[in-house]
Amino acid sequence: MKIVLVAEYRDGKLLGSVNELIAFAGKMAADSVMFLVGSESALPAYEGKLYLGDVGVCGEFNPEVHKALLLDVIAREQPDMIVFSHSSYGWDLAPRVAYALKAAQVSELVDVVDGALVVPVCNGKLRRNVQVKTGKTVVTLQAGAFGLAEAPTGTPAVEKITTVSAGRLEFGGYEAAEQGGVDLTKAEVIVSAGRGVGKPENVAMIAALAKALKGEYGASRPVVDSGWAEHKRQVGTTGQSVAPKLYVACGISGAIQHLAGMKKSEFIVAINTDKDAPIGEVADVLVVADLKQFVPLLTEKIQAL
Amino acid sequence: MKILVCIKQVPDMESKFKIAAGGTWYDPADLAWRMNEYDEYAVEQAVQLKEQVKEADLTVLCIGSERVKETMKKALAMGCDRGAHVADDNAAGKEPFEIAGIIAEYARDKQFDLIFTGMQSQDRGSAQVGVLVAEMLSLPCITTIVHFAYADGRIEVKRELEGGMKALIKAKTPTLVTCQLGLNTPRYPTLPNIMKAKKKELVSIPVQDLLKVEARQETAKMYFPEKKGGGLVLEGDVGQLADRLIQILKEKTGVLA
Ligand SMILES: Cc1cc2nc3c(=O)[nH]c(=O)nc-3n(C[C@H](O)[C@H](O)[C@H](O)COP(=O)(O)OP(=O)(O)OC[C@H]3O[C@@H](n4cnc5c(N)ncnc54)[C@H](O)[C@@H]3O)c2cc1C
């Protein structure tokens, strides 16, 4: 089996997810080559051939041009599989490439079991095995699903590539994430509010528990999107990554994008009315209860200690 | 201006799921259904655009059984002008390439200036349909938008990246955008608008008329993930639960020391 790994580069840096692509190639025992629109000053530790597009010419965000470059590489290499990260870069580019190749795309792979491609369904509550009917397959890998025991080593054999095509999208630079406010990464205890809190007033209940535990309060994305908490308090892929001594998830279902930001916490408690909520997968303790009753009571009892 | 917004009806994710006979999908019986969360932002943005440009016609499209008309009525009550219901009792069995093929076939000769979709569905979560529709129609496509502005045939959007960083992107219409959570604040339909929506056009098109592509993949098996976490599950009286939890925190963590 031959595969093309599509690495990512953003804001002047090679992204660490490249190691997950390498781990995947290892798991599949496949021959691989790598594709990157990046820079010679930030090459991956990869022992193999690297097709390198110049980011100075092609741009960091220019999916139509990246697609053209990648299709050239695929035409040369004739791989069986093209592998992306399931990231803002990967889920944007992969379907464009799959369409051009008349290939099936299987999104957000979490495992490969006896050749079956395994993907999550319904917020991770279910899984399915996918059977592909095309010669080539495009896949995107769930962040963190394919890890390496140790950091890879090696030096790639670089072959530079260019294209004459231009894209129809105009990239106008980046806007940094909202700054200022609390720094959750320094907190030893984080108690987070999820959509299960129901209304903005109830965030105070979560903040009170955090205070009783001498920690900070965080939030899941819907709570931030609704304006009930500031973005600096959001935990997850598009917020902060935290690893406190204790993380208490209140009314949070445990979507992969939330888990990615907190699953390294030393001890995890979840409070949820749904016994089957996916947060149970990472929680050391799942308390099946209505947070509106449980949290104030717990806070009171802790204050009384 | 002609606008299309594509929506999907999905089960409430807090539902207790069962695997259907056949073993390749979840059982649709006894589930509560709602509009895919990402699509609510798509509908809201489409309606806001229509309100901004005034002269606009906004179609909402949904593929599915009779059941999905309920969700379409919500979109009509939010402000869409007309509904295109692609009648298909096996929409759940169709993979993203087929779904995109159906939508592209519908849109092909209709000269939409803007097409809005959600960035992904909550059940399949493949994040492919919007991009595939754009490819099939040779339209520029911007995914995962969290900000949208339109003026004089041009759009300016922000695409969300990991860590909360955003990329600023401009494009000319016609364009397709896929909408991310937090793009706007979806409105609740008001009672008068719910009444008005009942009179809006909602045509059903048989899926055979629009399905011209073949599936490139299929689900071999659906199942529940193995429970890996050896986590403790506590149930019962809240007072006792709180005492238990405090005891555990004292034993297992240093935070109450
Ligand atoms: C590209 C991308 C990036 C994302 N980035 C992030 C991110 O950084 N952070 C993030 O959090 N999400 C992120 N998301 C969103 C993520 O997919 C989920 O939608 C989100 O995490 C859900 O938040 P939630 O668990 O609070 O809400 P829900 O999923 O709606 O869950 C609410 C939970 O509360 C429980 N509940 C309800 N009532 C009660 C009650 N009274 N007592 C106790 N429990 C109750 C329910 O059983 C349910 O489990 C991202 C999504 C995408 C596509």
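Observations, loosely collected:
Condition check ((1) of a type outside the set (Lys, Arg); (2) assigned to a loop (DSSP other than H, G, I, E, B)) across all residues:
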{"site": "A:237", "(1), (2)": "yes, yes"}
{"site": "A:258", "(1), (2)": "yes, no"}
{"site": "A:264", "(1), (2)": "no, yes"}
{"site": "A:287", "(1), (2)": "yes, no"}
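- Of the residues examined, residue B:185 is not one that is more than 7 Å from chain A (Cβ to nearest Cβ), in contact (Cβ under 8 Å) with a residue 40 or more places away in the chain and assigned to a strand (DSSP E or B).
- Among the residues here, residue A:199 qualifies as within 14 Å of the ligand (Cβ to nearest atom), loosely packed, with under 13 Cβ neighbours inside 10 Å and not small (Gly, Ala, Ser).
- The one condition from (1) within 13 Å of the ligand (Cβ to nearest atom); (2) more than 10 Å from chain B (Cβ to nearest Cβ); (3) more than 23 Å from residue A:108 (Cβ to Cβ); (4) of a type in the set (Ser, Thr, Tyr) that residue A:217 does not meet is (1).
- Applying the condition of being aliphatic (A, V, I, L, M) and either modelled with pLDDT under 95 or out of contact with any Ser or Thr (no Cβ under 9 Å at 6 or more places or on another chain) (or both) to region B:61-77 and asking which residue is most open to solvent (accessible area, probe 1.4 Å) yields B:63.
- If you go through region A:281-305 and pick out every residue that is aliphatic (A, V, I, L, M) and within 8 Å of the ligand (Cβ to nearest atom), you end up with 2.
- Restricting region A:220-238 to residues that are among the polar types (S, T, N, Q) and within 9 Å of the ligand (Cβ to nearest atom), the residue that is most open to solvent (accessible area, probe 1.4 Å) is A:237.
- Flag if residue A:278 is open to solvent by 10 Å² or more (accessible area, probe 1.4 Å), near the ligand (Cβ under 9 Å from one of its atoms) and either more than 8 Å from chain B (Cβ to nearest Cβ) or at negative phi (or both): yes
- Within region A:137-161, the set of residues being of a type outside the set (A, V, I, L, M) and touching a residue at least 60 places away in the same chain (Cβ under 8 Å) comprises A:142, A:144, A:146, A:147, A:152, A:153, A:154, A:155, A:156, A:159, A:160.
- Considering region B:232-242, the residues that are open to solvent by 30 Å² or more (accessible area, probe 1.4 Å) and at the interface with chain A (Cβ under 7 Å from one of its Cβ atoms) include one that is farthest from residue B:108 (Cα to Cα), namely B:238.
- Residue tally, condition more than 8 Å from chain B (Cβ to nearest Cβ), in a strand (DSSP E or B) and under 18 Å from residue B:97 (Cβ atoms), over region A:92-118: 2
- Filter pass, residue B:200 being open to solvent by 30 Å² or more (accessible area, probe 1.4 Å) and either outside the structural domain of residue B:37 (by TED's automatic domain parsing) or closer than 27 Å to residue A:105 by Cα (or both): no
- For region B:105-130, the candidate set comprises residues that are surrounded by fewer than 22 Cβ atoms within 10 Å (Cβ to Cβ) and free of Cβ contacts under 8 Å to residues at least 60 places away in the same chain; within that set, the residue that is farthest from the chain's Cα centre (by Cα) is B:109.
- Residue A:212 assigned by TED's automatic domain parsing to the domain that holds residue A:278, away from the ligand (no atom under 13 Å from the Cβ) and at pLDDT 95 or above: yes
So that you can scan it fast, the table gives a plain yes or no per residue for (1) within 28 Å of residue A:176 (Cα to Cα); (2) surrounded by 19 or more Cβ atoms within 10 Å (Cβ to Cβ); (3) out of contact with any Asp or Glu (no Cβ under 7 Å at 6 or more places or on another chain):
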position	(1), (2), (3)
A:240	yes, yes, yes
A:250	no, yes, yes
A:260	yes, yes, yes
A:265	yes, yes, yes
A:268	no, yes, no
A:283	no, yes, yes
A:298	no, yes, yes
A:305	no, no, yes
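- Residues satisfying the stated conditions in region A:256-275, i.e. touching a Lys or Arg at 6+ places or on another chain (Cβ under 8 Å) and near the ligand (Cβ under 6 Å from one of its atoms): A:257, A:258
- Of all residues in region B:133-170 being at the interface with chain A (Cβ under 7 Å from one of its Cβ atoms) and of a type in the set (Gly, Ala, Ser), the one that is most open to solvent (accessible area, probe 1.4 Å): B:163
- Filtering region B:2-22 to residues that are open to solvent by 20 Å² or more (accessible area, probe 1.4 Å) and either touching a residue at least 24 places away in the same chain (Cβ under 8 Å) or away from the ligand (no atom under 13 Å from the Cβ) (or both) leaves B:2, B:8, B:13, B:18, B:19, B:20, B:21, B:22.
- Test: residue in region A:71-79 that is within 25 Å of residue B:133 (Cα to Cα), touching a strand residue (DSSP E or B) at 6+ places or on another chain (Cβ under 9 Å), within 14 Å of another protein chain (Cβ to nearest Cβ) and modelled with pLDDT of 95 or more: no
The values are calculated or read from the model by the stated rules, or taken from the named source; none is laboratory data. Treat the numbers as computed from the prediction; the structure is a model and nothing was measured. All Cβ positions, glycine included, derive from the backbone under ideal geometry; neighbour counts span all protein chains shown. Note: accessible area is taken over every heavy atom of the protein model, side chains too, but ligands, DNA and RNA are not part of it. Shrake-Rupley method; radii C 1.70, N 1.55, O 1.52, S 1.80 Å.
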